[in-house]
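The values are calculated or read from the model by the stated rules, or taken from the named source; none is laboratory data. Because the structure is a prediction, the values reported are computed rather than measured. Neighbour counts run over all protein chains shown; Cβ positions are idealised from the backbone, glycine included.
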Amino acid sequence: MGLEEMLPPFFATKLAKLLAWGRKNSLWPMPFGTACCAIELMSTLSSRYDLARFGAEVVRFSPRQSDLLIVGGRVTLKMMPVLQRIYLQMPEPKWVMSMGACASCGGVFDTYTMIQGVDQFIPVDVYVPGCPPRPENMIAALQMLQDQIATGTIQQEIDRRTGIPMVDRKEQLAARAALPVIK
């Protein structure tokens, strides 16, 4: 039972908007940069472009403390299990940004070791075009992601990603942990 269910509808609506505003303006990115896209991400965080204006300045290198995964650069078959583990360790709600041509579609590296788009293995919310993408593209993609966060409800996004409604997910988690279900 959430806080929204205990409040009158007017307050619950305003509370949902307040939470969406807070999530939108306090993204904590975790960079997964493997090549030249990581350099462009660093320049986006510099004082010239100042990604802190948009509330994404707290770069975390722990997946359990971040809610935005920025995948930039080439991703190989050996790296993909690590990237998937990082994604699974992130708390909900979480978002993924694919930065650059290599992470989005494999770029010019059409070899057997390269992943031809990370969206085959983890869900991607925003794609940043370019090789390497300019910091302006990164800022525009972050603003697009913020608009997505502000307009959607978080529980609907989680249900869409997992494919399991919230009640069913509670029952599955309780079955895994062998705990009684609390309704």
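Taking the condition under 17 Å from M144 (Cα atoms) and outside any loop (DSSP other than H, G, I, E, B), does A56 pass? So A56 fails the test.
Matching residues to (1) in contact with an Asp or Glu (Cβ under 8 Å, 6 or more places away or on another chain); (2) modelled with pLDDT of 80 or more; (3) in a helix (DSSP H, G or I):
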| site | (1), (2), (3) |
| --- | --- |
| D119 | no, yes, yes |
| P133 | yes, yes, no |
| M138 | yes, yes, yes |
| A141 | no, yes, yes |
| D147 | no, yes, yes |
| A150 | no, yes, yes |
| I158 | yes, no, yes |
| K183 | no, no, no |
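Of all residues in region 83-117, those satisfying the criterion of being in a loop (DSSP other than H, G, I, E, B) and under 12 Å from the mean Cα position of the chain (by Cα) are M90, P91, E92, P93, K94.
A Cβ distance below 9 Å, combined with a sequence gap of six or more or placement on separate chains, defines the contacts here; from region 78-105, residues that are more than 24 Å from P135 (Cβ to Cβ) and free of Cβ contacts under 8 Å to residues at least 60 places away in the same chain reach residues that are surrounded by 15 or more Cβ atoms within 10 Å (Cβ to Cβ) and polar (S, T, N, Q) in the pairs M79/T34; P91/S66.
Looking across region 19-68, just one residue is small (G, A, S) and at pLDDT 85 or above, and that is S66. Number of residues in region 106-146 that are in contact (Cβ under 8 Å) with a residue 24 or more places away in the chain and among the acidic types (D, E): the value is 2. None of G55, G73, G33, G100 is buried (at least 22 other Cβ atoms within 10 Å of the Cβ), closer than 19 Å to A140 by Cβ and among the small types (G, A, S) except G100.
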